[in-house]
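Peer 1: I have a structure I would like to understand better, so I am pasting it below and will then ask my questions one at a time.
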Amino acid sequence: PAVTSPCKILKCNSEFWAATSGSHHLGAEEAPEFCTALRAYAHCTRRTARTCRGDLAYHSAVHGIDDLMVQHNCSKDGPTSQPRLRTLPPGDSQERSDSPEICHYEKSFHKHSAAPNYTHCGLFGDPHLRTFTDTFQTCKVQGAWPLIDNNYLNVQVTNTPVLPGSSATATSKLTIIFKSFQECVDQKVYQAEMDELPAAFVDGSKNGGDKHGANSLKITEKVSGQHIEIQAKYIGTTIVVRQVGRYLTFAVRMPEEVVNAVEDRDSQGLYLCLRGCPLNQQIDFQTIRSAQATEGRARRKGPSLPAPPEAFTYETATAKCREKLPVEDLYFQSCVFDLLTTGDVNFMLAAYYAFEDVKMLHSNKDKLHLYERTRDLTPGNTAPMGTHPTLWVALLCLCWLCLL
């Protein structure tokens with residue numbers, strides 16, 4: 001069944017943006033109209049408060065309203081009818097191309113040192129997580145979970161069951177908050193849901209706002225409704241969000257310096273891209289894959305899962321995944337796992353595009369493919385790098401020939 005969010009914060013945001021586009025050009029005599037729109041915005045958020053608990057975009061909007069109330073000396077009491085304010089004039093900051101050096105990461109932070117070391121994190125499928133340290137995990141993580149949480153941005157995903165009664169989950173919602181940064185960008189929130197992949201932030205803008213370096217944060221739509229890319233040059237970061245089938249995938253390229261930019265790392269909460277999934281949320285990928293090969297479909301610990309709508313055998317799933325993923329690495333194995341678990345061929349495409357994003361975003365081309373170890377594999381973990389099992393077989397055969 002389609003998952004729809006009862007939280008209507010996106011509607012509140014878009015109504016406020018439509019009412020106040022160009023309001024920073026208003027004269028003093030028009031300031032009351034801005035306050036009227038702001039009170040309407042606050043009223044809208046209060047109406048949806050009960051259904052928006054835990055939604056990052058909602059909490060960001062509430063704090064933003066309070067700040068704007070103070071900045072514009074607006075009273076919380078007064079009319080809330082939506083005013084008609086003029087639209088953005090030509091030459092607005094949305095089109096500004098110049099930006100200070102501080103808003104270009106490589107120029108400002110590394111002017112007199114070596115180029116930064118970039119890292120990659122990705123989440124796709126059922127879901128499968130590749131962390132900043134190139135550890136590969138398959139997790140349950142149903143509900144809302146933080147992917148990234150540092151001094152510059154927060155990323156939260158919401159995973160929902162793929163089939164009724166199944167522990168198989170996939171990402172149905174994604175929220176990214178870019179925090180206000182010096183003279184570069186205002187705080188911006190991006191939110192995507194199933195069947196809704198916007199090419200703009202929740203306030204309708206496509207860059208970092210009214211600051212001088214606004215264009216150091218930009219959204220580009222690559223394929224309408226299917227693929228967007230966010231460039232945050234001021235922190236050297238690239239984010240790719242896709243909708244594949246009904247679900248979302250996430251991939252990011254980020255400098256290590258930004259990854260580790262946390263005020264108090266010891267007390268920092270869970271952060272999947274950096275720390276991986278909790279042990280009790282990890283799935284023993286190797287054991288289940290062995291069961292898939294012998295039983296013909298995925299079975300997780302606990303009660304038997306309902307049969308997927310389209311039944312794949314291990315052989316047909318393997319053949320299907322090989323069409324897009326010829327190398328039998330962990331992306332290939334994830335594809336097989338997901339087809340057997342869900343019966344949805346879109347999960348094959350999710351694994352394929354996840355690997356395509358790795359090829360584009362990962363800085364070390366020797367570490368694109370990941371293989372699970374055949375020894376010393378602890379439950380719930382896979383090796384960040386390892387020797388391909390086929391290579392071990394070849395070496396053993398060679399040693400046997402030498403003995404003969």
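The values are calculated or read from the model by the stated rules, or taken from the named source; none is laboratory data. As the structure is a prediction and not an experimental result, all values here were calculated from the model. Note that each Cβ is placed from the backbone with ideal geometry, even for glycine, and that neighbours are counted across all protein chains shown. Areas reflect the complete protein model, heavy atoms only, side chains present, ligands, DNA and RNA absent. Shrake-Rupley method; radii C 1.70, N 1.55, O 1.52, S 1.80 Å.
Peer 1: Examine segment 217-239 for a residue that is β-branched (Val, Ile, Thr), more than 23 Å from VAL62 (Cβ to Cβ) and touching a helix residue (DSSP H, G or I) at 6+ places or on another chain (Cβ under 6 Å), and state whether such a residue exists.
Peer 2: Yes, that holds for at least one residue.
Peer 1: In segment 308-330, which residues are part of a helix (DSSP H, G or I) and without any contact (Cβ under 8 Å) to a residue 40 or more places away in the chain?
Peer 2: Selection gives TYR314, GLU315, THR316, ALA317, THR318, ALA319, LYS320, CYS321, ARG322, GLU323, LYS324.
Peer 1: May I pose another question? Got a number for residues in segment 313-327 being open to solvent by less than 80 Å² (accessible area, probe 1.4 Å) and farther than 12 Å from TYR352 by Cα?
Peer 2: 6
Peer 1: So, of the residues in segment 53-98 that are in a helix (DSSP H, G or I), open to solvent by less than 40 Å² (accessible area, probe 1.4 Å) and under 27 Å from ASN215 (Cβ atoms), which turns out to be modelled with the lowest pLDDT?
Peer 2: That would be SER93.
Peer 1: Looking only at segment 331-347, which residues are in a loop (DSSP other than H, G, I, E, B) and either more than 22 Å from THR169 (Cβ to Cβ) or open to solvent by 10 Å² or more (accessible area, probe 1.4 Å) (or both)?
Peer 2: Of everything in segment 331-347, those that are in a loop (DSSP other than H, G, I, E, B) and either more than 22 Å from THR169 (Cβ to Cβ) or open to solvent by 10 Å² or more (accessible area, probe 1.4 Å) (or both) turn out to be ASP344, VAL345.
Peer 1: Go through (1) within 27 Å of the chain's Cα centre (by Cα); (2) surrounded by fewer than 17 Cβ atoms within 10 Å (Cβ to Cβ); (3) modelled with pLDDT of 95 or more and name the single condition SER267 misses.
Peer 2: With (1) within 27 Å of the chain's Cα centre (by Cα); (2) surrounded by fewer than 17 Cβ atoms within 10 Å (Cβ to Cβ); (3) modelled with pLDDT of 95 or more applied to SER267, the lone miss is (3).
Peer 1: Inspect segment 207-215 for any residue being open to solvent by 20 Å² or more (accessible area, probe 1.4 Å) and assigned to a helix (DSSP H, G or I) and give the result as yes or no. Walk me through it before giving the result.
Peer 2: First pass over segment 207-215, keeping only residues open to solvent by 20 Å² or more (accessible area, probe 1.4 Å): 210-212, 215.
Now drop any that are not assigned to a helix (DSSP H, G or I), which leaves 215.
The answer is yes, given that some residue of segment 207-215 is open to solvent by 20 Å² or more (accessible area, probe 1.4 Å) and assigned to a helix (DSSP H, G or I).
Peer 1: Only one of ALA192, ALA200, ALA144 is under 15 Å from ALA57 (Cα atoms), free of Cβ contacts under 8 Å to residues at least 60 places away in the same chain and outside any loop (DSSP other than H, G, I, E, B); which? Before the answer, list the steps.
Peer 2: Working: ALA200 fails: outside any loop (DSSP other than H, G, I, E, B); ALA144 fails: free of Cβ contacts under 8 Å to residues at least 60 places away in the same chain.
Selected residue: ALA192, the only one of ALA192, ALA200, ALA144 that is under 15 Å from ALA57 (Cα atoms), free of Cβ contacts under 8 Å to residues at least 60 places away in the same chain and outside any loop (DSSP other than H, G, I, E, B).
Peer 1: Taking the options THR138, THR171, THR160, name whichever one is at pLDDT 95 or above, of a type in the set (Val, Ile, Thr) and outside the structural domain of TYR58 (by the TED database).
Peer 2: One residue alone meets the criteria, THR171.
Peer 1: State all residues of segment 6-30 that are modelled with pLDDT under 70, within 20 Å of ASN73 (Cβ to Cβ), aliphatic (A, V, I, L, M) and part of a helix (DSSP H, G or I); if no residue qualifies, say none.
Peer 2: ALA28
Peer 1: Among the candidates TYR371, TYR352, single out the residue that is modelled with pLDDT under 95 and surrounded by fewer than 24 Cβ atoms within 10 Å (Cβ to Cβ).
Peer 2: Exactly one residue qualifies, and that residue is TYR371.
Peer 1: Among the residues that make up segment 243-263, is at least one of them touching a Cys at 6+ places or on another chain (Cβ under 8 Å), open to solvent by less than 60 Å² (accessible area, probe 1.4 Å) and farther than 24 Å from SER363 by Cα?
Peer 2: No, segment 243-263 has no match at all.
Peer 1: Right, another one. Taking PRO164 and the conditions (1) touching a residue at least 24 places away in the same chain (Cβ under 8 Å); (2) closer than 26 Å to ARG275 by Cβ; (3) out of contact with any helix residue (DSSP H, G or I) (no Cβ under 7 Å at 6 or more places or on another chain); (4) open to solvent by 10 Å² or more (accessible area, probe 1.4 Å), which numbered condition does it fall short on, given that it satisfies the others?
Peer 2: The number of the failed condition is (2).
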